[in-house]
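Following: one structure in structure tokens, then a few remarks.
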Amino acid sequence: MAILMNGKEVAQSLRRDLAKEVSNLRERGIEVTLAVVLVGSDPASEVYVRNKHKACLEAGIRSLQITLPEATTEERLLSEVEKLNADPKINGILVQLPLPKHIDEKKITEAILPIKDVDAFHPENVGRITLGTPRFLPCTPAGIMDLLAFYGVNAEGRRCVVVGRSNIVGKPISSLLLAANGTVTTCHSRTKDLPSVTREADILVVAVGKPKMLTADMVKPGAVVIDVGIHRGEDGKLCGDVDFASVEPIASYITPVPGGVGPMTIAELLANTLRAAKYQNNL
Ligand code: GUN
């Protein structure tokens, strides 16, 4: 029986702490503000953006929502980003991904001022993470590291296996585990004999986007298992990339879905927005 890593609870405590800091800044005349840009009407993105807005309000962070139609041109979106870059009242800018196919995500990501890039997707911020001098940490990997720290799981000297190599999760969590002195292996769709690699993991992070793909035969007994996936199963229930029913009995710690990594991601976005406001006010 594994110990459940309760992301909902840890995130709540993180949000309470940062709400106090946001309120202190307000007393000093600084209104912490996040701008979220959504292009089109992807249903999942709409839910994410709504949740981010709600979380901002609860923490006392002003949240500006900019919703643009699906047909928005790249030029129009770039000019919106430029406007937010130039506005001193805006501390953080997040452009929700994915963008419609006719817009180059790379171009938009690179247009966001690095000091306002609360996603940490800009090449400058990605480079800083790799060099070990981060300004912002990407939200999901930061949430995973905080969750591990809360439960006293130390990566130092341990075998860490990350399944998935996305720019949003797989690559940056590999960097953070390495920075925490873990011995890190990053697996992906071309990895040969994946189970033999995942079975070596003391800490196993799964971010592949395939429901229940990680099964008990791929896990070393006693491993710490972090599930980044979220899917709506055929039974209508939410599930992750990990087959929770089979893996939970043999893991030492495991994140549930929902209530594991997801709530941490939003809390880290708020933390980055607060951090941005502090940087911009030399605090
Ligand atoms: N779409 C899915 N996850 C994310 C995220 O963390 N940031 C942005 N901007 N878009 C996303």
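Observations, loosely collected:
- Test: residue in the stretch 7-29 that is away from the ligand (no atom under 16 Å from the Cβ) and not in a helix (DSSP H, G or I): yes
- Single residue of the stretch 118-131 satisfying the filter (within 10 Å of the ligand (Cβ to nearest atom) and not β-branched (Val, Ile, Thr)) that is nearest to Ile90 (Cα to Cα): Asp119
- No other residue among Ile112, Ile203, Ile168 is within 16 Å of the ligand (Cβ to nearest atom), buried (at least 20 other Cβ atoms within 10 Å of the Cβ) and not small (Gly, Ala, Ser) apart from Ile112.
- Residue among Leu34, Leu38 that alone is in contact (Cβ under 8 Å) with a residue 12 or more places away in the chain and under 20 Å from Gln280 (Cβ atoms): Leu34
- Checked against (1) closer than 21 Å to His53 by Cα; (2) assigned to a strand (DSSP E or B), Ala267 passes all but condition (2).
Yes/no matrix, rows are residues, columns are (1) charged (D, E, K, R); (2) closer than 27 Å to Leu148 by Cβ; (3) touching a Gly at 6+ places or on another chain (Cβ under 6 Å); (4) assigned to a helix (DSSP H, G or I):
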residue	(1), (2), (3), (4)
Lys54	yes, yes, no, yes
Ser63	no, no, no, no
Thr72	no, no, no, no
Glu82	yes, no, no, yes
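- Where helices (runs of 4 or more DSSP H) sit wholly within the stretch 84-191, those with at least 1 residues that are more than 26 Å from Val49 (Cα to Cα) and at pLDDT 95 or above occupy 123-131, 139-150, 170-179.
- Per the listing Val162, Val153, Val197, the residue uniquely more than 15 Å from the ligand (Cβ to nearest atom) and touching a Phe, Trp or Tyr at 6+ places or on another chain (Cβ under 7 Å) is Val153.
- Tally of residues being away from the ligand (no atom under 15 Å from the Cβ) and touching a residue at least 12 places away in the same chain (Cβ under 8 Å) across the stretch 132-144: 3
- Taken across the stretch 143-162, residues that are out of contact with any Leu (no Cβ under 7 Å at 6 or more places or on another chain), of a type outside the set (A, V, I, L, M, F, W, C) and surrounded by 22 or more Cβ atoms within 10 Å (Cβ to Cβ) do occur, with at least one present.
- Matching residues, the stretch 204-226, being touching a helix residue (DSSP H, G or I) at 6+ places or on another chain (Cβ under 7 Å) and under 18 Å from Tyr151 (Cβ atoms): Leu204, Val205, Val219, Val225, Ile226
Every residue, every condition in (1) acidic (Asp, Glu); (2) under 21 Å from Leu25 (Cβ atoms); (3) away from the ligand (no atom under 16 Å from the Cβ); (4) in contact (Cβ under 8 Å) with a residue 12 or more places away in the chain, yes or no:
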{"site": "Leu57", "(1), (2), (3), (4)": "no, yes, yes, no"}
{"site": "Gly60", "(1), (2), (3), (4)": "no, yes, yes, yes"}
{"site": "Thr67", "(1), (2), (3), (4)": "no, no, no, yes"}
{"site": "Leu84", "(1), (2), (3), (4)": "no, yes, no, yes"}
{"site": "Lys89", "(1), (2), (3), (4)": "no, yes, yes, yes"}
{"site": "Lys101", "(1), (2), (3), (4)": "no, no, no, no"}
{"site": "Lys116", "(1), (2), (3), (4)": "no, yes, no, yes"}
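- Any hit, the stretch 43-60, residues being basic (Lys, Arg) and more than 24 Å from the chain's Cα centre (by Cα): no
The values are calculated or read from the model by the stated rules, or taken from the named source; none is laboratory data. As the structure is a prediction and not an experimental result, all values here were calculated from the model. Here the Cβ is made from the backbone with ideal geometry for all residues, glycine too, and neighbour counts use every protein chain on show.
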